[in-house]
Amino acid sequence: MSKITKGSCSCGAVSYEVVGEMRDVVACHCGQCRKQSGHYFAATNCANDALTVSGEDNITWYAASDDAKRGFCKTCGSALFWRPEDRDYTSILAGSIDGKTGLTLKEHIFVADKGDYYELDDGLPQREQ
Ligand SMILES: [Zn+2]
Ligand SMILES: [Zn+2]
């Protein structure tokens, strides 16, 4: 049987289910992720056909750049998804997963853009971009 992962926004208007394994979590410290999250973004991902979303009508998709759009709940503001325009996967905010994720944080990206008020000292790989 395939692993099933469920997640939802804070108010419950949007929920989702992923069938199968998900990528380990990547923390993105880029300016867009910092603005949207208020800190930094930690996300897993899956192929689009593994993801089923309920309450899609309640998602606002915001294109912070030409390459990708960010999906959040229009009622409670929970950040849920990041979807590139030209590739067939969706990044999913790790904090939106319900219960245990079974995932591990594996690396930090865009650390050149990180905030000056925190240190990254967990020993994980750090990529400038
Ligand atoms: Zn919500
Ligand atoms: Zn980012």
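Give region 102-129 a look and list any residue that's open to solvent by less than 40 Å² (accessible area, probe 1.4 Å) and not acidic (D, E), or say none.
Looking only at region 102-129, we keep the residues that are open to solvent by less than 40 Å² (accessible area, probe 1.4 Å), and these are 103, 107-109, 111, 115, 118, 120.
Once the filter is applied, which keeps residues that are open to solvent by less than 40 Å² (accessible area, probe 1.4 Å) and not acidic (D, E), region 102-129 yields L103, H108, I109, V111, G115, Y118, L120.
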Name the strands (runs of 3 or more DSSP E) wholly within region 56-129 that hold at least 1 residues that are away from ligand 1 (no atom under 16 Å from the Cβ) and among the basic types (K, R)?
68-73, 79-84, 105-109
Filtered residues of region 40-84 (kept if open to solvent by 50 Å² or more (accessible area, probe 1.4 Å), polar (S, T, N, Q) and touching a residue at least 60 places away in the same chain (Cβ under 8 Å))
T75
Restricting attention to region 1-36, and to residues there that are in contact with a Cys (Cβ under 9 Å, 6 or more places away or on another chain), closer than 21 Å to P125 by Cβ and open to solvent by 30 Å² or more (accessible area, probe 1.4 Å), which single residue is farthest from ligand 1 (Cβ to nearest atom)?
E21
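The values are calculated or read from the model by the stated rules, or taken from the named source; none is laboratory data. Just so it is clear, the structure is predicted and the values come from calculations on it, not from any experiment. Cβ atoms come from the backbone with ideal geometry, glycine included; neighbour counts cover every protein chain shown. Ligands, DNA and RNA are excluded from the accessible area calculation, which covers all protein heavy atoms including side chains. Shrake-Rupley method; radii C 1.70, N 1.55, O 1.52, S 1.80 Å.
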